[in-house]
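Input: a single structure, listed below in C-alpha cells.
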Amino acid sequence: DFKQINNDLFGVDNVYDSIQFCSPTHYGNPSGAHVSEKDMDYLFERLDGKEVRLIVEVGSFCGSSASFIADYLKDHNIPSILICVDTWCGDINMWLKGAFSTIMGKSDGQPKLFDNFISTIRKYGHDDVVIPLRVSSVVAARMIEVLKYKVDMVYLDSAHEAGETFMELNLYYDLLS
C-alpha cells in the first residue's frame, strides 16, 4: 500500500510530508498527457478483470500523464498506486534547446522539473496515489526487483534514446506480474 511503499523507499510514511513547498515554472496538465482514456480502457480490458495494484510510470516530466492516470484510477475506483520514476534532470534536448527554458528553469544550474512535477501532483490532489521515485530508470527497476514488488502495468515514456529505451523495455517487462 501507499504507506508501505513510502517506508520501503524513503523510510517515512508519506514522502510528501518532507518535500518543501516549491514555486513551479510550469504545471503539467492531464489533458496534455500522451495517454488517453481510450488507451487506458483498452489496457484494462486486456487485463480481463485482473486486479491492478501497482503501476510504474518511467519518465514523468511535469506530471501530466501521472495526473491523467491518477484521475483515471480514481474515476474508475481502481485502488492502485502509481510510482513515477524520473531523475527530473531533463534530457539533452531540454538542456540545449531554448523551447524548454521556462519548463527547465535552470538559471541556477538546477532544473526545476521536480518542483514542477510535485506542484502538478499537489494541484490535482494526487499525492495520495502518486509516489515520486527520483532515480534513474535502471536504479528504479533494480529497486523494484529487490523489493519484490508485483508490477501490474508499466507506462514507459522516458528518454527516447535508441539504446536506452530498448534496455528500459527489457528491464520493466521483466518486472511485470
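The values are calculated or read from the model by the stated rules, or taken from the named source; none is laboratory data. Quick caveat, the model's predicted, so the values are computed rather than measured. So basically every Cβ, Gly included, is an ideal-geometry build from the backbone, and we count neighbours across all protein chains shown. Protein only, heavy atoms only, side chains kept; ligands, DNA and RNA dropped before computing areas. Shrake-Rupley method; radii C 1.70, N 1.55, O 1.52, S 1.80 Å.
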Heavy atoms only, probe 1.4 Å: what % of the accessible area of the chain goes to carbon and sulfur, would you let me know? 53 percent
If you take every DSSP beta bridge fully contained in the chain, what fraction is antiparallel? Give it as a percent rounded to 5. 0 percent
On average, how much accessible surface per residue is there in the chain, in Å², for a 1.4 Å probe, leaving out ligands, DNA and RNA? 54 Å²
At R0 = 35 Å, FRET efficiency that the Cβ-Cβ distance of residue 18 and residue 161 yields, to 0.05: 0.65
I want to verify the translational diffusion coefficient of the stretch 1-109 in µm²/s; compute it with Stokes-Einstein, Rh as the Kirkwood radius over Cα pairs, at 10 °C and 1.306 mPa s. 99 µm²/s
19 Å cut-off, amide nitrogen to a point 7 angstrom out along residue 138 Cα→Cβ, residues in the stretch 36-63: 58-60
Which one of 80, 129, 62 is farthest out on the positive end of the charge dipole of the chain, using unit charges on Cβ (Lys, Arg +1; Asp, Glu -1) and the Cα centre as origin? 62
Tell me, what is the FRET efficiency for residue 174 and residue 97 to the nearest 0.05, using R0 = 35 angstrom and their Cβ-Cβ distance as r? 0.55
Peptides 117-127, 152-162, 61-71, 87-97 ordered by average Cβ neighbours within 10 Å, highest first: 61-71, 117-127, 152-162, 87-97
Dipole magnitude of the stretch 69-174, debye to nearest 20 (Cβ charges: Lys/Arg +1, Asp/Glu -1, about Cα centre): 260 debye
What are the extents of the Cα atoms of the stretch 37-87 along their three principal axes, listed from largest to smallest and rounded to whole Å? 33, 18, 17
As straight-line cross-link partners of residue 50, the qualifying lysines (C-alpha separation under 25 Å, not fewer than 8 residues apart within one chain) are 3, 38, 74, 148, 150
Toy charge model, Lys and Arg Cβ at +1, Asp and Glu Cβ at -1: the chain dipole around Cα centroid in debye, rounded to 20, equals 340 debye
Enter the angle in degrees (range 0 to 90, nearest 10) between the Cα long axis of helix 137-146 and the first principal axis of the Cα atoms of the chain, meaning the one along which they spread out most. 30 degrees
State whether the stretch 63-169 is rounded, prolate or oblate according to the following rule on the C-alpha gyration tensor (a ≥ b ≥ c being the square roots of its eigenvalues): a/c under 1.5 gives rounded; otherwise a/b larger than b/c gives prolate, and the remaining case gives oblate. oblate
